[in-house]
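**Q** Structure below; questions to follow.
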Amino acid sequence: MAGVRQGLLVGVMLMGALALSELAIAETIPLPTPAPLPKEGAAPPTRPAASAPSPVSGLAAGLRSLFNLDKEAEAPPATTAAFNPTQRAQVDKVSSYLSSVAQMAGNFVQVGPDGSRVKGEFYMQKPGKIRFEYDPPSPIEIIADGQSVVVRDRKLATQDLYPLSQTPLRYLLSDRIDLLRETTVVAVRADDVYVTVIIEERQALIGTSRLMMMLGAKDYQLKQWTVTDPQGYDTTVAVSNLDTSKRPDPGLFRIDYTRYAQ
């Protein structure tokens, strides 16, 4: 379990994080073809020898990649990539969907940079609140209360606190979001299955991270998101059994700050 603690929502953030006929793509970075999560037990994809050092294996590495913790995001540039009218309409529909969802609960599967897979349930309440509960044997819980994100280890009775504004979850947890105006959208694509939008974020001294959100092309419901950290490692979260009709218990998003008062 020490490896789990050493290796981290939000930010969702849901934090991704979209059929229409196939679009011509206007993009400034290569856009991965949407693909389902790897099958359980399958070997993770290999990386070239010249790539960055191997990430810390296990859940904690995925959590760090997913939420870009310990990195302070810079404000997005004033302009984004040039998109044609169809692509801009696609992004606007994604923004409308994200803005329309006030609450949500469902199941998730998280695949980390090393191919490790964990499952659980999540609960979301806008603005700014989300909770990830990982299935046993994982002792991890992630809670955002609107201001902070806490990573809690029930077995070790520890928790680490981070600003919510520091994570990609803030895009998914905002009351209203206009992706073209408030983020740096660098790629848009649609096919018969997904509409995919990639947001890029630059951090001084750290590098560039990306959030790829995939929504259903027919229903515009969130299906999965992938965060690529500045070292190029991916963490993917796929969601299912989504329920937007019930308001979650407010107690699910409560953080005990007395643990930090010592």
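**Q** Using unit Cβ charges (K, R positive; D, E negative) and no other charged atoms, how large, in debye to the nearest 20, is the dipole of segment 113-210 about its Cα centre?
**A** On the way: 14 positive and 15 negative charges, 29 e Å.
Here segment 113-210 has a charge dipole of around 140 debye.
**Q** Taking the inverse of the average 1/r across all pairs of different Cα atoms in segment 100-200, what Kirkwood radius in Å do you get?
**A** 15.3 Å is the Kirkwood radius here.
**Q** Can you find, among Thr244, Leu211, Val195, the residue sitting farthest towards the positive end of the charge dipole of segment 180-262, where Lys and Arg contribute +1 and Asp and Glu -1 at Cβ?
**A** Farthest along the dipole direction, towards plus: Thr244.
**Q** Set the Förster distance to 25 Å, then compute FRET efficiency between Ala82 and Asp175 from the Cβ-Cβ distance, nearest 0.05. Working shown, then result.
**A** Values: r = 28 Å, r/R0 = 1.14.
Efficiency, rounded to the nearest 0.05: 0.30.
**Q** Still on this model: Find how many whole Å separate the alpha carbon centroid of segment 151-172 from the alpha carbon centroid of segment 207-262.
**A** Cα centroid of segment 207-262 versus Cα centroid of segment 151-172: 12 Å apart.
**Q** For q = 0.20 Å⁻¹, what log10 I(q)/I(0) does segment 202-262 give under the Debye formula with an equal point scatterer on each alpha carbon and no solvent?
**A** Results for segment 202-262 at q = 0.20 Å⁻¹ read -0.91.
**Q** R0 = 22 Å: FRET efficiency of Asp249 with Ala89, Cβ-based, nearest 0.05? Could you put the intermediate results ahead of the total?
**A** Values: r = 37 Å, r/R0 = 1.69.
Step by step, r from the Cβ atoms, then E = 0.05.
**Q** Defining a contact as two alpha carbons under 8 Å apart and six or more residues distant in sequence, what relative contact order in percent does segment 142-212 show?
**A** Working: 80 pairs, mean separation 11.4, N = 71.
Computed over segment 142-212, the figure is 16 percent.
**Q** Once the whole set of protein chains is in place, how much accessible area is left on Ser99, using a 1.4 Å probe, in Å² to the nearest 10?
**A** In the full protein context, Ser99 sits at about 20 Å².
**Q** I've got another one for you. Work out how far the C-alpha atoms of segment 126-183 reach from end to end along every principal axis, then list the three figures in whole Å, largest first.
**A** Taking max minus min along each principal axis of the Cα atoms, segment 126-183 gives 42, 20, 16 Å.
**Q** Also: Would you kindly find the accessible area of Lys129, with a 1.4 Å probe and non-protein molecules such as ligands, DNA and RNA excluded, rounding to the nearest 10 Å²?
**A** Solvent-accessible area, nearest 10 Å²: 70 Å².
**Q** Let me ask something else. Taking R0 as 35 Å, what FRET efficiency do you get between Val193 and Leu161 from their Cβ-Cβ distance, rounded to the nearest 0.05?
**A** Numbers: r = 38 Å, r/R0 = 1.09.
The formula returns an efficiency of 0.35 here.
**Q** Still on this structure, please answer the following. Could you give the length gained on full extension between Glu121 and Gln147, defined as 0.36 nm per residue of separation minus the Cα-Cα distance, in nm? Don't skip to the answer; put the middle values down first.
**A** Values: separation 26, 0.36 × 26 = 9.36 nm, distance 2.13 nm.
That pair, Glu121 and Gln147, stretches by 7.2 nm at full extension.
**Q** Compute the signed sum of charges (Lys and Arg +1, Asp and Glu -1) over the other residues within less than 11 Å, Cβ to Cβ, of Asp92. Could the numbers behind the result be given before it?
**A** Working: positive: Arg88, Lys93, Arg181; negative: Asp178.
Value of the local net charge: +2.
**Q** Sticking with this structure for a sec: How big is D, in µm² s⁻¹, for segment 145-230 by Stokes-Einstein at 4 °C and 1.567 mPa s if Rh is the Kirkwood radius over C-alpha pairs? Working shown, then result.
**A** Numbers: Rh = 14.8 Å.
D, rounded to a whole number, is 88 µm²/s.
The values are calculated or read from the model by the stated rules, or taken from the named source; none is laboratory data. Remember, it's a predicted structure, so these values are computed and weren't measured experimentally. Counting neighbours? That spans all protein chains shown, and the Cβs are built from the backbone with ideal geometry, glycine included. Side chains included, ligands, DNA and RNA excluded: accessible areas come from the protein's heavy atoms. Shrake-Rupley method; radii C 1.70, N 1.55, O 1.52, S 1.80 Å.
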